[in-house]
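Notes for the one structure printed next.
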Amino acid sequence: MSKIEWTEKTWNPTVGCSIVSPGCHHCYAMRQAQRNLNMGSDRYAGTVENFRWTGQVNVVPEALEIPKRRKTPTMWFVNSMSDLFHESIGFDIIDQIFDVMRSCEQHTFQVLTKRAERMADYFESRGCCPDNAWMGVSIEDCARLARKAQLLRVPQARVRFISAEPLLEAIDFGLARWNAGGVSERPPGGLSTWWVDSRVNWVIVGGESGPGARATELAWFRQIVADCQTAGVPVFVKQLGSNCTDHKTRHPKGGDPAEWPEDLRVREFPNTARGIAPTESA
Ligand code: SF4
């Protein structure tokens, strides 16, 4: 099982990445990749130096078929140690990874990217997304919500989700307005695809953890939870972070719901027929 509370297992057909936004600065995967390399894992060779990504991404051919060998229906987080839409991963490789998802109808795959522009380009050129893939964009502040989340409208996915982790400031998602928006606007960047059902179906929120974690405030979480509840969108509060200024916890990541105010103990999943979640409300 994965330690990430909103999934069951991780699947890494590629490893390696590069910092692309303020949310990446304390990237957990970057530190973990260095530890894995130091322990002799060759697949990380060239991807990290001194605990920093080099920008090299390695394809891991032996990992590609892993989901096919598992018959038990499972929720997989794709590329916890990379970003599927990293600029150095060719569309032909991404095709292979989505083909594996298509061939594994028993599973659900959660794809989360900080490179929403490239994700949109990919689906512009390739068309539809596998029925069992949930497509998400990761944002950390208001500027990125405005710019990136619009592009989440492009993939014709059964579930579209936003992960606000690490949450770096208060964000007004405006989900009720978003989900009522339908098809009245065109996507940015000259994209031509505009799907009829472009609602956001799920939100994850979490504070930063680890050394130097940036501050969070309870009000930021409350605002997002309230917004989701008003819009009827399931929300998963993952952790308050290691530096929640107005609510201290014993758990190093602020990740134990038992230590949170009761109104924030919300861990919901999208209501789909396929691949319902490992855990429900905390
Ligand atoms: S995109 Fe994700 S994996 Fe890549 S550096 Fe940023 S946080 Fe880390």
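Per-structure values
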item	result
Extended-chain gain in nm, criterion 0.36 nm per residue less alpha-carbon gap, A170 and R147	6.7 nm
Most fluctuating residue given options F221, F236, F91, as computed from a GNM of the chain linking Cα atoms under 10 Å	F91
Length released on extending from E49 to D131, taking residue separation times 0.36 nm less the Cα-Cα span	25.7 nm
Gain upon complete extension [N179, R222; 0.36 nm per residue less C-alpha separation]	13.5 nm
Descending semi-axes in Å of the chain, equivalent ellipsoid built from Cα gyration tensor	26, 24, 19
Percentage relative contact order, the chain, counting C-alpha pairs under 8 Å, at least six apart	14 percent
Candidate lysines - alpha carbon under 25 Å from K248, same-chain residues fewer than 8 apart omitted	K3, K238
Sorted by Cβ neighbour density within 10 Å, fewest at the top, the residues D42, D141	D42, D141
Helix-only mean residue ellipticity at 222 nm for the chain, each DSSP H run of n ≥ 4 adding -39500 (n - 2.57), per residue, nearest 500	-6500 deg cm²/dmol
Which of N36, T249, V48, positive extreme of dipole for the chain (C-beta unit charges)	N36
Fewest-first ranking of E140, E49, E268, using other Cβ atoms within 10 Å as the exposure measure	E49, E268, E140
Test item: Cα-centred dipole of the chain, Lys/Arg +1 and Asp/Glu -1 on Cβ, debye	300 debye
Dipole axis of the chain (+1 Lys, Arg; -1 Asp, Glu on Cβ), positive-most option in A116, M101, A219	M101
Least to most buried among W260, W178, W134 (fewest other Cβ within 10 Å first)	W178, W260, W134
Segment 193-269 versus segment 87-164: alpha-carbon centroid distance in Å	21 Å
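None of the figures in this text is laboratory data; all of them are computed from the coordinates on show. Keep in mind that what you see is a predicted model, and the values were worked out from it rather than measured. Cβ coordinates were reconstructed from backbone atoms using ideal geometry, including for glycine residues, and neighbour counts include every protein chain displayed.
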